[in-house]
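The values are calculated or read from the model by the stated rules, or taken from the named source; none is laboratory data. Note that the structure is predicted; figures quoted are calculated from it, not measured. Methodologically, a virtual Cβ is constructed for each residue, glycine included, from the backbone with ideal geometry; neighbour enumeration extends over all protein chains shown.
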Amino acid sequence: MTTPLEEEIRLLIAAEGPMPVGRYMGLCLGHPRHGYYMTRDPLGAQGDFTTAPEISQMFGELIGLWAVATWQQMGAPAPFRLVELGPGRGTLMADALRAARLVPAFGEAARIHLVETSPVLRVAQARALAHEERAGARVSWHARIEDVPAGPAIVLANEFFDALPVDQYVWTGAGWHERKVGVGAQGQLTFGLDAAPSRMAPALAAHLPPPAPGAVLEVMESGPPRALAARLATEGGIGLAIDYGHAGGHGDTLQALKAHRFADPLADAGEADLTAHVDFARLALVGQEAGLKAFGPLEQGDFLARLGLAARTDRLMRDAAPEAAAAIATATRRLAGTGDGEMGRLFKVLALAHPHLGTPPAFDPSEEFNR
Ligand code: SAH
């Protein structure tokens, strides 16, 4: 069955020719009427995927304590902007603010800014933060990073950058040819390659090892990372990106998820989650170009261990009934374990910090990013 968005994409291709993968991905996720995030809350057991803050309150709590330590290291600016990019159901922010009550001055100084395009998820976020708002938290919403008011900021982004559109180029032996979405003989959407080599791709691939035929170069949309880096460089502060990804290399990582299973990225346009693995090397380079220092990427398991995941787990288990205690232990394994389906190694953490900040909490000076 074709979706309404697929009909629209076919008309666009008929009028303008095959479209870049990034354009396709951008339409699938962000089309104002039919885009995946515009029409639904995709998170949780009933949805298409589950994220770390939805697995356990411990995740947001530990990030909240990291934010407090970072704020103190910044010199405890008041006010400051506590920003989250793509906050989903608002769970991470709610857990972080609750944990941060240990240091009341942090909550008093924080102005909460949520950067979110989805009207459905904005409602969920308002609900999740209602309690904090009644307790005095000041929360506002923005469509873009650029719209967050000036001032030093701590910016959190969990599973945000994987939702940014990527363009793809395939090495044919003679050049990088852009991969595009076109319409096949039976009227179905298909991938194809531009006949002429791309003029942009060689510069984008310059930092990578020489490609073998068939190698895929993926290039993330750079607007949001550049906006974030520019803002941190002029206003001060730090950004923390947590996501699945790698630190550079070739590969096609475009993936569709539907009801917790991998699906065909060209099927069900607008009805499946489309993501790509985050290229942390590119994120780090964008930050460094703007004058920031980049730290990591660290594996999520290591990062959470340094923030005290083991102690927090023990504490919660001690207070819990036996069944709940088992669930807590399971959650800890999912967040930090290194096995199949566990997040500890697949997920990475990168910090982009204003140079005045020094080494951010939970990182080591030797972990400054160096290509
Ligand atoms: N951080 C949450 C949700 C991750 S899903 C969690 O960990 O549970 C991705 C989030 O990014 C959703 O809230 C989605 O609506 C939002 N999003 C996707 N693309 C966006 C964009 N271009 N600008 C702002 N928000 C976006």
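Taking segment 52-64, which residues are surrounded by 21 or more Cβ atoms within 10 Å (Cβ to Cβ) and not aromatic (Phe, Trp, Tyr)? Answer for segment 52-64, where residues must be surrounded by 21 or more Cβ atoms within 10 Å (Cβ to Cβ) and not aromatic (Phe, Trp, Tyr): 52, 53, 56, 58, 60, 61, 62, 63, 64.
Residues that are over 19 Å from residue 232 (Cβ atoms) and either in contact (Cβ under 8 Å) with a residue 12 or more places away in the chain or within 11 Å of the ligand (Cβ to nearest atom) (or both): list the strands (runs of 3 or more DSSP E) wholly contained in segment 53-164 that include at least 3 such residues. If you could, list the steps in order and put the result at the bottom.
On the way: elements: 80-85, 110-115, 138-142, 153-158.
Strands (runs of 3 or more DSSP E) meeting the threshold: 138-142.
Checking the condition in contact (Cβ under 8 Å) with a residue 24 or more places away in the chain, within 23 Å of residue 26 (Cα to Cα), more than 16 Å from the ligand (Cβ to nearest atom) and loosely packed, with under 13 Cβ neighbours inside 10 Å, which residue from 214, 187, 182 passes? Lay out the reasoning, then the answer.
Details: 214 fails: within 23 Å of residue 26 (Cα to Cα); 182 fails: loosely packed, with under 13 Cβ neighbours inside 10 Å.
Just one listed residue meets the conditions, 187.
Confirm whether residue 195 is more than 16 Å from the ligand (Cβ to nearest atom) and within 30 Å of residue 104 (Cβ to Cβ). Considered against the rule, which asks whether it is more than 16 Å from the ligand (Cβ to nearest atom) and within 30 Å of residue 104 (Cβ to Cβ), residue 195 comes out as no.
Taking residue 209, is it within 30 Å of residue 303 (Cα to Cα), more than 16 Å from the ligand (Cβ to nearest atom) and part of a loop (DSSP other than H, G, I, E, B)?
Answer is yes for this residue.
Residue count for segment 314-371 satisfying the condition of being among the hydroxyl-bearing types (Ser, Thr, Tyr) and over 21 Å from residue 53 (Cα atoms): 2. Counting only residues that are near the ligand (Cβ under 9 Å from one of its atoms) and either modelled with pLDDT of 95 or more or in a helix (DSSP H, G or I) (or both), segment 36-49 holds 3 of them. The selection criterion, being surrounded by fewer than 22 Cβ atoms within 10 Å (Cβ to Cβ) and within 16 Å of the chain's Cα centre (by Cα), does not hold for residue 240. The listed residues are 353, 336, and the only one of them that is within 25 Å of residue 68 (Cα to Cα) and touching a Lys or Arg at 6+ places or on another chain (Cβ under 6 Å) turns out to be 353. Here is a check on your reading of the model: is residue 174 surrounded by fewer than 13 Cβ atoms within 10 Å (Cβ to Cβ) and either assigned to a helix (DSSP H, G or I) or within 16 Å of the ligand (Cβ to nearest atom) (or both)? When the stated conditions are applied, residue 174 does not pass them.
Okay, residues lined up against (1) assigned to a strand (DSSP E or B); (2) among the hydrophobic types (A, V, I, L, M, F, W, C); (3) touching a Lys or Arg at 6+ places or on another chain (Cβ under 8 Å):
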{"residue": "240", "(1), (2), (3)": "yes, yes, no"}
{"residue": "245", "(1), (2), (3)": "yes, no, yes"}
{"residue": "251", "(1), (2), (3)": "no, no, no"}
{"residue": "256", "(1), (2), (3)": "yes, yes, no"}
{"residue": "262", "(1), (2), (3)": "yes, yes, no"}
{"residue": "268", "(1), (2), (3)": "no, no, yes"}
{"residue": "271", "(1), (2), (3)": "no, no, yes"}
{"residue": "283", "(1), (2), (3)": "no, yes, no"}
{"residue": "287", "(1), (2), (3)": "no, no, yes"}
